[in-house]
Structures are given as C-alpha cells and as structure tokens.
1. Place a +1 charge on the Cβ of each Lys and Arg in the chain and a -1 charge on the Cβ of each Asp and Glu, then give the dipole magnitude about the Cα centre in debye, rounded to the nearest 20.
2. When the helix-only estimate is applied to the chain (DSSP H runs of n ≥ 4, each -39,500 (n - 2.57), divided by the residue count), what is the mean residue ellipticity at 222 nm, nearest 500 deg cm²/dmol?
3. According to the Cα gyration tensor, what semi-axes, each the square root of 5 times an eigenvalue, does the equivalent ellipsoid of the chain have, listed from largest to smallest in whole Å?
4. From zero up to wherever the largest Cα-Cα distance of region 24-67 sits, split into 5 Å bins and tell me the percent of pairs in each.
5. So what is the relative contact order of the chain, in percent, for Cα pairs below 8 Å that sit 6 or more residues apart?
6. If you take the beta carbon distance between Arg65 and Met12 as r and set R0 to 30 Å, what does 1/(1 + (r/R0)^6) give as a FRET efficiency, to the nearest 0.05?
7. For a paramagnetic label modelled at 7 Å from the Cα of Glu73 toward its Cβ, which residues of region 1-24 fall within the zone defined by backbone nitrogen distances under 14 Å?
8. Within a 10 angstrom radius of the beta carbon, how do Ser57, Ser26 rank from fewest other beta carbons to most?
Amino acid sequence: MLILFEILSREMDRPRYGKFQAFAGSDAQIWAFDGLLAALEHVLSEPFSHDYDRLLSEAANALIRRRGRIEPEW
C-alpha cells in the first residue's frame, strides 16, 4: 500500500497529473486515482512519519522479496 501511495502522490502532484495523463482514458479516471490517494491518506500513517523514506525503502524491499524482480524485455 505504501508503494502505491508513493506512486499516486508523486504523479498526482505533477503538472497535468504526471504520467497518469498519458494512459488515463478520461477525467473520471484521473479523479478516481485522486480519490484512491485520498483514501490511502486516511488509512496510512507511514507517509506522515519522520522516517518515511526508510519505511518506503523497507516496503519496496519487502515487495521485491515477495514478488521478485521484473527483468526488462530489451
């Protein structure tokens, strides 16, 4: 969940909604991402922690350990 929060918060804060603009099919889809970000802000405490960067790194490492690395196709 923390990784998803990071992606959403980073892209939604960029001009014209960052990379989401490229693949969202409509304004409604952009607002759905924004709503998901707001919901995550209500349930996650980690983004407001003083050691957020460490927690984010730990979450990323745990996810990669659980799911594995994705090798590029090129």
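Read-outs: derived from the displayed coordinates by stated rules, not from any lab. This is a predicted model, so every value here is computed, not measured. Every residue, glycine among them, receives a Cβ derived from its backbone with ideal geometry; neighbour counts consider all protein chains shown.
1. Charge dipole, the chain, about its Cα centre: 240 debye, nearest 20.
2. Details: 4 runs with 48 residues, N = 74.
For the chain, the value works out to -20000 deg cm²/dmol.
3. Result for the chain: semi-axes of 23, 19, 10 Å.
4. Percent of Cα pairs in each bin: 5, 20, 14, 18, 19, 16, 8, 1.
5. 35 percent
6. Values: r = 28 Å, r/R0 = 0.93.
Result of the calculation: an efficiency of 0.60.
7. In region 1-24, the label zone of Glu73 (backbone N under 14 Å from the point 7 Å along Cα→Cβ) covers no residue.
8. The fewest-first ordering by Cβ neighbours comes to Ser26, Ser57.
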